[in-house]
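Asker: Take this structure first; my questions come after.
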Amino acid sequence: MRKIVARLLNPVVLTFSGRRGTYAVVRHVGRRSGRSYSTPVVAARLGDSFVIPLPYGPDVDWVRNVRAAGQFTLQRGAVAYTVAAPEVIEQTAALPAFAAPARLAIRLLGIRQFLKLRGAPGRTSDWTDESRPGARSIPLDAHGAIRGKRTL
């Protein structure tokens, strides 16, 4: 089922992910292939961190890739955040990041694990202001992809 979603639904979701709301795009590199990937996710702010629900758990390829790399780019709107220290956390620690309707959906869907991300250390020059650690403006093409970057 997970592979069907990745092949059929992800390309559709990528057309609007990272543009508004809690939808975002994780831009990462395959740990074995070295290829660039874009994975649509839901990302919510939790203090100076982001939290991403893991409906399929932490053993999916994109999570393994970002954990192996230690840092990657999370794109929300026209802002890309260099994030690091991906850490799997439990539902009770992550739920405060989400609005009440989303918390209900998370509980109903049985999502128990989340990925918590912090601003990358040593990348403060990319920060546009202290209220958005790790944030920097990036040029996007007409499809919302980062200009000059190959995405799959």
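Asker: Under 1.5 on a/c is rounded, so check that first for segment 53-104, then, if it is not, pick prolate when a/b is larger than b/c and oblate when it is not; a ≥ b ≥ c are the square roots of the alpha carbon gyration tensor eigenvalues.
Answerer: Verdict is oblate for segment 53-104.
Asker: Report the extension gain between residue 102 and residue 35 in nm, rounded to one decimal, defined as 0.36 nm multiplied by the number of residues separating them, less their alpha carbon distance.
Answerer: 20.9 nm
Asker: Using 7 Å Cα-to-Cβ label points, what is the residue 93/residue 61 separation (nm, one decimal)?
Answerer: 2.8
Laboratory data are not the source of any read-out in this text; all were calculated from the coordinates shown. Bear in mind the structure is a predicted one, so any value in this text is a computation, not a measurement. Please note: Cβ atoms are built from the backbone with ideal geometry, for glycine as well, and neighbour counts cover all protein chains shown.
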